[in-house]
Amino acid sequence: MAQDALPSNGVSPELLERLFESARDVATRAYAPYSNFHVGAALLTKEGRIITGCNVENSSFGVTICAERTAATRAVASGLREWTAIAIVSPTGVSPCGACRQFLAEFAPQLAVWFGHLDPSKPTVGPISMEQLLPAAMKFPS
Ligand code: THU
């Protein structure tokens, strides 16, 4: 796909840099004593606000909350439900997990997604659309 056809949702390079900086900053506050895999996410809202989240692990591993869902729930609790972009950083630059894709698609099916490393000298990936990440997302029948 041509670069200009990708869904950047109008995010400028400067704004994208701020998103990645915010994601790297919040990743320093991740609670990940079990995996030692520190993740940070920064959501951009329609209003231009940046809402961040980090992963929060638990002794009962399965109840761990990913960085993306921490950011998403913080945004919703702040009354900010419309999001245009997200930047996610981790030690190895992983893409968001399936549960987080479903969670993000609930509010932002048009979200532009970027991911990268904690190390800012490493390359980033994106924009990728939610449709690319989660084709045919589950929607509750209405
Ligand atoms: N994790 C995230 O926070 N986001 C992702 O997209 C992938 C995984 C967290 C969950 C867990 O605390 C650690 O990374 C290892 O899976």
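The values are calculated or read from the model by the stated rules, or taken from the named source; none is laboratory data. A quick note: this is a predicted structure, and the numbers were derived from the prediction, not measured. Positions of Cβ are backbone-derived with ideal geometry, glycine not excepted, and every protein chain shown enters the neighbour counts. Only protein heavy atoms, including side chains, enter the accessible area calculation; ligands, DNA and RNA are left aside. Shrake-Rupley method; radii C 1.70, N 1.55, O 1.52, S 1.80 Å.
Results for (1) farther than 25 Å from Ser142 by Cβ; (2) among the aromatic types (Phe, Trp, Tyr); (3) in contact with a helix residue (DSSP H, G or I) (Cβ under 9 Å, 6 or more places away or on another chain), shown as yes or no for each residue.
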residue: Gly10; (1), (2), (3): yes, no, no
residue: Phe20; (1), (2), (3): yes, yes, no
residue: Asn36; (1), (2), (3): yes, no, no
residue: Leu104; (1), (2), (3): no, no, yes
Output the number of residues of segment 49-68 satisfying the condition of being within 11 Å of the ligand (Cβ to nearest atom) and without any contact (Cβ under 8 Å) to a residue 40 or more places away in the chain.
13
Subset of segment 48-89, residues of a type in the set (D, E, K, R), in contact with a Phe, Trp or Tyr (Cβ under 6 Å, 6 or more places away or on another chain) and crowded, with 16+ Cβ neighbours inside 10 Å, comes to Glu57, Arg69
Across segment 126-142, what is the number of residues that are among the aliphatic types (A, V, I, L, M) and surrounded by fewer than 14 Cβ atoms within 10 Å (Cβ to Cβ)?
2
With the checklist (1) surrounded by 12 or more Cβ atoms within 10 Å (Cβ to Cβ); (2) out of contact with any Phe, Trp or Tyr (no Cβ under 7 Å at 6 or more places or on another chain) in hand, flag the one item Thr45 doesn't pass.
(2)
Which numbered condition Ala99 fails, given (1) more than 9 Å from the ligand (Cβ to nearest atom); (2) within 19 Å of Leu133 (Cβ to Cβ); (3) open to solvent by 10 Å² or more (accessible area, probe 1.4 Å):
(1)
If we scan segment 113-132, do we find a residue that is away from the ligand (no atom under 14 Å from the Cβ) and of a type in the set (Phe, Trp, Tyr)?
no
